[in-house]
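Below is one structure, written out as structure tokens; the observations come after it.
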Amino acid sequence: MVQLVGSLRKELADSVSSCRLLVVGAGGIGCELLKNLVLTGFRNIEVIDLDTIDVSNLNRQFLFQKKHVGKSKAQVAKESVLRFCPKANITAYHDSIMNPDYNVEFFRNFTLVMNALDNRAARNHVNRMCLAADIPLIESGTAGYLGQVTVIKKGLTECYECQPKPTQKTFPGCTIRNTPSEPIHCIVWAKYLYNQLFGEEDADQEVSPDTADPEAAWDPAEVAARAGASNQDGDIKRVSTKEWARSTGYNPVKIFNKLFKDDIKYLLTMDKLWKKRKAPQPLDWTEVQKLACPLEEVSGAGLKDQQVLGVRGYSHLFSRSIETLRVQLAEKGEGGELTWDKDDPPAMDFVTSAANLRMHIFSMNMKSRFDVKSMAGNIIPAIATTNAVIAGLIVLEALKILSGDLEQCRTIFLNKQPNPRKKLLVPCALDPPNASCYVCASKPEVTVRLNVHKTQVLSLQDKILKEKLGMVAPDVQIEDGKGTILISSEEGETSANNNRSLSEFGIRNGSRLQVDDFLQDYTLLINVLHCEDLGKDVEFELVGDAPDKAPPQPSVPEGGKGIANGSEDSAQPSTSSKATPAEDDDVLIVDSDEEPSSSGADVARETGALKRKLQDAETGEGVAKRQRVEQAPAEDDDIIALD
């Protein structure tokens, strides 16, 4: 007769109580997960999270209360969970999992690792650490009503990086500064403007008209007289935006007229930009104040944040937000800076008003504060119930692993609508490792296409190795027979190389670089493919990892176009290679050869062997589905993810 401890077999219950777990993330999923773990019988848990509690977390992260705002999520989560089970042994770290202190040896202390993260860089890192330590990893994510759980085990399943993820979409600076055509362009511009006026100025976030726009191809000498209009009102000079604003005492009227009248007049002098586009219409503060009363302009019913004000209403909001932000900046003292935060009302007021005024100038429909916040803050609504369901599924997968039934583990999708068998939860068999994966293959290798004469060593380190390939502290050696060290993780050791081009070190077409990241216990061989012309605004490409290789993005309704997912509970893609273009429904259907259980096979038979899966929420992708063969890819929507 089977002996039970609660609802578990005694052998499994013993494994549950004695194993050591690492939970990475104590947010929406993490809170639910920690509660579930101790109630299931897990007693040895370590949790790590760098974040602190914000008031916006309280609607779904139920381990936190208003009195906890500003405190460490990991520490408060530990204290709250111990009230469920005082006997549990829980260690909390208020730290980043990417800290070198949490090395491979640290990961080897655990039986199982569970991810409840909100960004791709950290997910990539934990994936590599678990591969190096040979520890099973349960990956998870949610995006609104959608959710997913999958299991990653070295040598048995695909790792998190086995399939290319769609890269974040960006727009050329000239589009943001000169020719916005979608609301998201104006919102990006407004966030840049906030930093230019109140935050840390960044040359890559300039907001003034871009006279170097190659499309304009105008002759400044021919239009000097008209361009002079931009230097008249308010004694405006083309200097640093922040310097000029300070010289006016952050006068809202002068700032308004510079941004929405003078700069627009300046744009109009670039005649060629407007031959095939509708020209922008400048706004003058005095004329705007003659428009209808703001209360008469409001459109849309419901909550205040979902209403759309008129031009005059947004001009008043713009003025009030500048006054408030000016005071906040003064309180910081000389050299002080403000940091944009979607949960800071004055900052959100500024971006909402500035973006909408620019939308109006460029003949776009204005957006509510709610819509602007969704796009500017990389968020989609986070739903507590979704987090709870996904947290429960994580525990179920953990029990399979501890039972020694790894082959029974599944990738499980939570859908918004039931499938034809009236199921919201649909399992998929785990895919085997991708033999060409540049992370988990036996000999990881990748080919990078770049211009060796233009690419500098610092760009190789920061943009390719760290940003694109997810390394933390790379060391690079050229395979030139001499073992030349190009990049060292030891601070200052190779800093003299930073601003030199790769060709200066003899790197050319066909050169090979050996890259080691000792923190991740990861070695990668890079084949260099020299290319003179990579296209506009493209510095490098990973061969075989081009955007058209990644799962395309779904179309979205007009009201949500451009909304970039990326909430702290953001859903992550399956490791399967079969993710493809989206259709309008939210049904997940399983391939007939992937799910050996009767339920999975039945679903496949009923649905013509289609499969649907979540894409990466951090980069603005939603859900995708395709037939296994011969379905054409969908057009790529202009969805981007903001920092």
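The values are calculated or read from the model by the stated rules, or taken from the named source; none is laboratory data. Not measured: the values here are computed from a predicted model. Note that we place each Cβ from the backbone using ideal geometry, even for glycine, and neighbour counts take in every protein chain shown. For the accessible areas, the whole protein counts, side chains as well, though only heavy atoms, and no ligand, DNA or RNA atoms are used. Shrake-Rupley method; radii C 1.70, N 1.55, O 1.52, S 1.80 Å.
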Q. Got at least one residue in segment 79-102 being more than 27 Å from the chain's Cα centre (by Cα) and surrounded by 21 or more Cβ atoms within 10 Å (Cβ to Cβ)?
A. yes
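Can you name every residue in segment 355-373 that is open to solvent by 10 Å² or more (accessible area, probe 1.4 Å) and either among the aliphatic types (A, V, I, L, M) or part of a helix (DSSP H, G or I) (or both)?
Pass one, segment 355-373, residues open to solvent by 10 Å² or more (accessible area, probe 1.4 Å): 360, 362-367, 369-371, 373.
Result: 360, 364, 366, 369, 370, 371, 373.
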Q: State whether the residues of segment 176-183 include one that is buried (at least 20 other Cβ atoms within 10 Å of the Cβ), touching a helix residue (DSSP H, G or I) at 6+ places or on another chain (Cβ under 8 Å) and within 21 Å of residue 395 (Cα to Cα).
A: no
(Q) Looking at 98, 129, 114, can you tell me which residue is at pLDDT below 95 and touching a helix residue (DSSP H, G or I) at 6+ places or on another chain (Cβ under 7 Å)? (A) 98
Q: Would you please list the contacts, defined by Cβ atoms under 7 Å and residues six or more apart or on different chains, that run from a residue in segment 391-404 that is within 11 Å of residue 40 (Cα to Cα) and touching a residue at least 12 places away in the same chain (Cβ under 8 Å) to a residue that is part of a helix (DSSP H, G or I) and open to solvent by 20 Å² or more (accessible area, probe 1.4 Å)?
A: 392/36; 395/36; 395/40
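Give 394, 412 a once-over and let me know the one that is at pLDDT 95 or above, in a helix (DSSP H, G or I) and out of contact with any Phe, Trp or Tyr (no Cβ under 8 Å at 6 or more places or on another chain).
Within the list 394, 412, the selection yields 394.
Kindly establish whether residue 404 is in a loop (DSSP other than H, G, I, E, B) and closer than 20 Å to residue 112 by Cβ.
In short, yes.
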(Q) Taking the conditions exactly as written (in contact (Cβ under 8 Å) with a residue 40 or more places away in the chain and either touching a Leu at 6+ places or on another chain (Cβ under 9 Å) or under 30 Å from residue 492 (Cβ atoms) (or both)), does residue 373 satisfy them or not? (A) no
Q | Residue satisfying all of: in segment 241-263; part of a helix (DSSP H, G or I) and β-branched (Val, Ile, Thr); modelled with the lowest pLDDT among these | A | 241
Q. How many of the residues in segment 321-354 are open to solvent by 20 Å² or more (accessible area, probe 1.4 Å), touching a residue at least 40 places away in the same chain (Cβ under 8 Å) and under 20 Å from residue 371 (Cβ atoms)?
A. 2
Q: Output the residues belonging to segment 518-544 that are in a loop (DSSP other than H, G, I, E, B) and of a type in the set (Asp, Glu).
A: 521, 532, 533, 537, 539
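Can you pull out every residue in segment 65-81 that is among the β-branched types (Val, Ile, Thr) and modelled with pLDDT of 95 or more?
76, 81
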Q: Please verify whether segment 135-142 includes one or more residues that are at pLDDT 95 or above, out of contact with any Gly (no Cβ under 9 Å at 6 or more places or on another chain) and surrounded by fewer than 22 Cβ atoms within 10 Å (Cβ to Cβ).
A: yes
Q) Is one or more of the residues making up segment 1-11 in contact with a Lys or Arg (Cβ under 8 Å, 6 or more places away or on another chain), modelled with pLDDT of 95 or more and open to solvent by 40 Å² or more (accessible area, probe 1.4 Å)? A) no
Q. Which members of segment 22-39 meet the condition of being of a type outside the set (S, T, N, Q) and either part of a loop (DSSP other than H, G, I, E, B) or surrounded by fewer than 23 Cβ atoms within 10 Å (Cβ to Cβ) (or both)?
A. 25, 26, 27, 35, 38, 39
Q. Just to be sure, is residue 468 modelled with pLDDT under 90, open to solvent by 10 Å² or more (accessible area, probe 1.4 Å) and of a type outside the set (A, V, I, L, M)?
A. yes
Q) Within the set of pairs 6 or more residues apart or between chains, which connect a residue that is farther than 18 Å from residue 209 by Cβ and in contact (Cβ under 8 Å) with a residue 60 or more places away in the chain inside segment 246-266 to a residue that is among the hydrophobic types (A, V, I, L, M, F, W, C) and open to solvent by 10 Å² or more (accessible area, probe 1.4 Å) with Cβ atoms less than 6 Å apart? A) 253/285
Q: Would you check if residue 408 is in contact with a Leu (Cβ under 9 Å, 6 or more places away or on another chain) and free of Cβ contacts under 8 Å to residues at least 60 places away in the same chain?
A: no
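Identify the residue in segment 448-488 that is among the β-branched types (Val, Ile, Thr) and part of a helix (DSSP H, G or I) and, among all such residues, is nearest to residue 516 (Cα to Cα).
464
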Q: Mind listing just one residue for me: the one in segment 315-334 that is among the small types (Gly, Ala, Ser) and in a helix (DSSP H, G or I) and, of those, nearest to residue 351 (Cα to Cα)?
A: 321
Q.
Taking the criterion of being closer than 26 Å to residue 143 by Cβ, of a type in the set (Ser, Thr, Tyr) and either touching a His at 6+ places or on another chain (Cβ under 8 Å) or open to solvent by 20 Å² or more (accessible area, probe 1.4 Å) (or both), would at least one residue in segment 377-399 satisfy it?
A. yes
Q. Does segment 40-61 hold any residues that are open to solvent by 50 Å² or more (accessible area, probe 1.4 Å) and at pLDDT below 95, and which are they?
A. 50, 51, 52, 55, 59
Q: Those residues that are under 20 Å from residue 182 (Cβ atoms) and either touching a Leu at 6+ places or on another chain (Cβ under 9 Å) or touching a residue at least 24 places away in the same chain (Cβ under 8 Å) (or both), I need them from segment 271-291; list them, please.
A: 273, 274, 277, 278, 279, 280, 281, 283
Q: Only one of these is more than 32 Å from the chain's Cα centre (by Cα) and either over 30 Å from residue 541 (Cα atoms) or at pLDDT below 70 (or both): 169, 272. Name it.
A: 272
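Please tell me if residue 47 is touching a residue at least 24 places away in the same chain (Cβ under 8 Å) and touching a Leu at 6+ places or on another chain (Cβ under 7 Å).
yes
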Q. When residue 528 is evaluated against the numbered criteria (1) buried (at least 18 other Cβ atoms within 10 Å of the Cβ); (2) closer than 30 Å to residue 97 by Cβ; (3) not aromatic (Phe, Trp, Tyr), which criterion, by number, is the only one it fails?
A. (2)
Q) When you look at residue 434, is it touching a strand residue (DSSP E or B) at 6+ places or on another chain (Cβ under 7 Å) and either open to solvent by less than 30 Å² (accessible area, probe 1.4 Å) or in a loop (DSSP other than H, G, I, E, B) (or both), yes or no? A) no
